[in-house]
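Everything on this sheet refers to the single structure shown next.
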Amino acid sequence: MTLAAPRALDPAMPLLAVRELHTHFETAEGVARAVDGVSFTLRPGRTLGLVGESGCGKSVTALSILRLVSPPGRIVSGAILYKGQDLLGLSERSMRHVRGKEIAMVFQEPMTSLNPVFTIGSQIGEAVRLHQRLGRAATRARVIEALRLVEMPEPERRARSYPHELSGGMRQRAMIAMALACEPNVLIADEPTTALDVTIQAQILELLRGLRERLGMAMLLITHDLGIIAEHADDVAVMYAGRIVEYGSVLDVFERPLHPYTIALMEAVGRLGGDERYLEALPGTVPSLLRLPSGCRFRDRCPRAIDECAKVDPVLEEKAPGHTAACIRV
């Protein structure tokens with residue numbers, strides 16, 4: 001793909017700033033606080049890794065940014081500032097111009113995200129026509145370039161294919177091509193390499209890194225894989241039960257993890273040359289968002305918990321320069 005010239009974006013100024021975001025789901029059993037006071041910042045040319053177990057609120061956070069949360073879910077409060085403008089205050093029509101062109105997303109499940117009755121080329125082309133207003137021939141060329149960028153085999157042929165005619169990996173490539181076709185300022189990648197083997201996964205992640213560096217794009221990389229975060233992110237936010245419990249640079253968090261949950265996640269990952277017989281398992285499960293425990297939400301699984309942990313609801317506090325954690329034991 002022929003990329004535009006690097007954008008004149010100030011790396012010191014945030015492209016996207018999420019402030020005290022609350023997204024709830026109202027159910028017959030009560031209110032599930034899927035995202036409960038989440039805050040973070042995305043800056044040009046940098047990648048923030050959002051990591052945590054399934055059910056902790058990572059994907060709902062991403063959908064909230066694009067205002068794609070469906071009922072019974074709703075954004076209750078907070079701010080989502082893109083270049084200083086709160087996206088929560090935009091009309092739906094204005095928001096459609098932001099999605100895809102300014103902020104794009106690679107969804108986790110390509111088979112459910114792609115329309116089964118339209119070809120891959122027509123779906124990528126729709127975004128190009130909407131946001132870049134190109135003619136039919138130029139749109140077709142752009143689609144082929146996008147598919148070639150993600151190393152889709154026989155891109156001209158695959159552009160005429162329907163989703164069910166592609167393998168899982170090819171569908172994921174098509175989703176990535178669709179997100180990159182309009183060269184957005186912010187890319188949200190929700191488990192972008194789920195369907196790919198290890199070799200292709202590395203190629204796609206390097207591709208995303210190259211585009212980010214070339215365009216000064218900011219990226220939110222959502223994954224459960226700490227190895228991907230360590231290699232491809234600049235900063236990391238560790239999420240648990242709807243909240244961020246630790247936030248800092250990748251170097252600080254991986255070398256000096258502070259929160260017991262972060263430490264437990266790292267101890268559960270095998271290390272090259274280590275003895276896999278002695279991997280530490282993380283006991284228990286993420287608590288139900290309908291019945292959250294009092295105090296610290298991690299206390300029932302935490303080896304360092306004390307009686308005070310049931311009484312105090314910890315907030316993110318700076319424990320070292322640029323490194324925050326929500327734990328009274330740190």
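For the chain, give the share of DSSP beta bridges that are antiparallel, in percent and rounded to the nearest 5; count only bridges with both residues there.
Working: 31 of 50 bridges.
Within the chain, antiparallel bridges account for around 60 percent of the total.
Got a sec? Charge dipole of segment 4-106, +1 on Cβ for Lys and Arg, -1 for Asp and Glu; which of 64, 35, 76 is way out at the positive end?
Of the candidates, 64 comes out farthest on the positive side.
When the chain is fully extended, how far beyond the present Cα-Cα distance does residue 137 get from residue 200, taking 0.36 nm per residue of separation?
Numbers: separation 63, 0.36 × 63 = 22.68 nm, distance 3.01 nm.
Here the answer is 19.7 nm.
Using a 1.4 angstrom probe on heavy atoms only, work out the carbon and sulfur share of the accessible area of segment 1-121 in %. All intermediate terms of the calculation are to be shown ahead of the outcome.
Numbers: 3130 of 5740 Å².
Carbon with sulfur: 55 percent of the solvent-accessible area.
Residue by residue through segment 98-111, which ³J(HN,Hα) values in whole Hz follow from phi under the Karplus form 6.51 cos²θ - 1.76 cosθ + 1.60 (θ = phi - 60°), with glycine and proline marked x?
Residue by residue, segment 98-111 yields 7, 5, x, 7, 9, 10, 10, 9, 9, 7, 6, 10, x, 5 Hz.
Any idea which of 48, 95, 22 is furthest toward the positive side of the dipole for segment 9-100, if Lys and Arg beta-carbons carry +1 and Asp and Glu beta-carbons -1?
Result: 95.
Compare the peptides 234-242, 321-329, 108-116 by average per-residue count of other Cβ atoms within 10 angstrom and give them in order, highest first. Walk me through the numbers before you get to the answer.
Details: 234-242: 24.0, 321-329: 18.2, 108-116: 15.8.
Per-residue mean Cβ counts within 10 Å order the peptides as 234-242, 321-329, 108-116.
Give, rounded to the nearest 20 debye, the magnitude of the charge dipole that the chain has about its Cα centre when Lys and Arg contribute +1 at Cβ and Asp and Glu contribute -1 at Cβ. Don't jump to the answer; show the numbers that get you there.
Details: 39 positive and 39 negative charges, 253 e Å.
The calculation lands at about 1220 debye.
By average Cβ neighbour count within 10 Å, what is the ranking of 39-46, 160-167 from highest down?
On the way: 39-46: 19.4, 160-167: 14.8.
Ranked by mean Cβ neighbours within 10 Å, highest first: 39-46, 160-167.
When the Kirkwood radius is taken over all Cα pairs of the chain, what Stokes-Einstein diffusion coefficient follows at 37 °C and 0.692 mPa s, in µm²/s? Mind dumping the intermediate values first?
On the way: Rh = 20.9 Å.
The calculation lands on 157 µm²/s.
Under a 5 Å amide H to amide H cut-off, with H placed in plane at 1.01 Å, what residues pair with residue 188 once short-range neighbours are removed?
It is 104, 105, 106, 220, by chain and number.
Could you do me a favour and compute the accessible area per residue for segment 53-208, 1.4 Å probe, result in Å²?
Numbers: 7090 Å² over 156 residues.
Per-residue accessible area for segment 53-208 comes out at 45 Å².
List the residues of segment 48-62 whose backbone N lies under 20 Å from a point placed 7 Å from the Cα of residue 300 along the Cα-to-Cβ direction.
Answer for segment 48-62: 52-58.
Cα-Cα pairs above 25 Å in segment 1-155: how many percent?
Values: 4991 of 11935 pairs.
For segment 1-155, the fraction of Cα-Cα distances above 25 Å is 42 percent.
Cross-link candidates for residue 319: which lysines have Cα within less than 22 Å, leaving aside residues fewer than 8 places away along the same chain?
311
How far apart, in nm, are two points set 7 Å out from the Cα along the Cα-to-Cβ line at residue 115 and at residue 67?
Label-label distance for residue 115 and residue 67, simple model: 2.1 nm.
Looking only at 310, 189, 137, which one moves most when the chain is put into a Gaussian network model with springs between Cα atoms under 10 Å?
Answer for the Gaussian network model of the chain: 137.
How would you rank 75-87, 208-220, highest first, on the average number of other Cβ atoms within 10 Å across their residues?
Ranked by mean Cβ neighbours within 10 Å, highest first: 208-220, 75-87.
Round to the nearest 10 and give me the degree value, 0 to 90, for the angle of helix 120-132's Cα axis relative to the longest principal axis of the chain.
Helix 120-132 sits at roughly 90 degrees to that axis.
Let me know the charge dipole size of segment 203-330 about its Cα centre in debye, to the nearest 20, where only the beta-carbon of Lys, Arg (+1) and Asp, Glu (-1) is charged. Kindly include the intermediate steps, with their values, before the conclusion.
Numbers: 15 positive and 19 negative charges, 75 e Å.
It comes to approximately 360 debye.
Pop the C-beta distance of residue 28 and residue 76 into the FRET formula with R0 = 22 Å and round what comes out to the nearest 0.05.
Details: r = 18 Å, r/R0 = 0.84.
Approximately 0.75, to the nearest 0.05.
Given charges of +1 on the Cβ of Lys and Arg and -1 on the Cβ of Asp and Glu, with all other atoms neutral, how large is the dipole of segment 30-124 about its Cα centre, in debye to the nearest 20?
Details: 11 positive and 6 negative charges, 57 e Å.
In debye, rounded to 20, segment 30-124 gives about 280.
In a shell of Cβ-Cβ distance under 14 Å around residue 309, excluding residue 309 itself, what net charge do Lys and Arg (+1) and Asp and Glu (-1) give? Let's see the in-between values first.
Numbers: positive: 297, 299, 301, 304, 311, 329; negative: 300, 307, 308, 313.
In short, +2.
Determine the sum of side-chain charges near residue 290: Lys and Arg each +1, Asp and Glu each -1, restricted to other residues whose C-beta is under 14 angstrom from that of residue 290. List each step's numbers first, then the result.
Details: positive: 33, 291, 297; negative: 26, 29, 36.
Its environment carries a net charge of 0.
Run the numbers for residue 39 and residue 291: contour at 0.36 nm per residue of separation, minus the present Cα-Cα distance, in nm.
Details: separation 252, 0.36 × 252 = 90.72 nm, distance 2.27 nm.
Stretched out fully, the residue 39 to residue 291 stretch lengthens by 88.4 nm.
Which one, 198, 186, 115, projects farthest toward the positive side of the charge dipole computed for the chain from Cβ point charges (K/R +1, D/E -1)?
Towards the positive end, the residue furthest out is 115.
Between residue 329 and residue 86, what is the FRET efficiency for a Förster distance of 45 Å, r being their Cβ-Cβ separation, to the nearest 0.05?
Details: r = 36 Å, r/R0 = 0.79.
The value I calculate is 0.80.
The values are calculated or read from the model by the stated rules, or taken from the named source; none is laboratory data. In this text the structure is predicted, and so the values were computed from the model without any measurement. Neighbour counts run over all protein chains shown; Cβ positions are idealised from the backbone, glycine included. Protein only, heavy atoms only, side chains kept; ligands, DNA and RNA dropped before computing areas. Shrake-Rupley method; radii C 1.70, N 1.55, O 1.52, S 1.80 Å.
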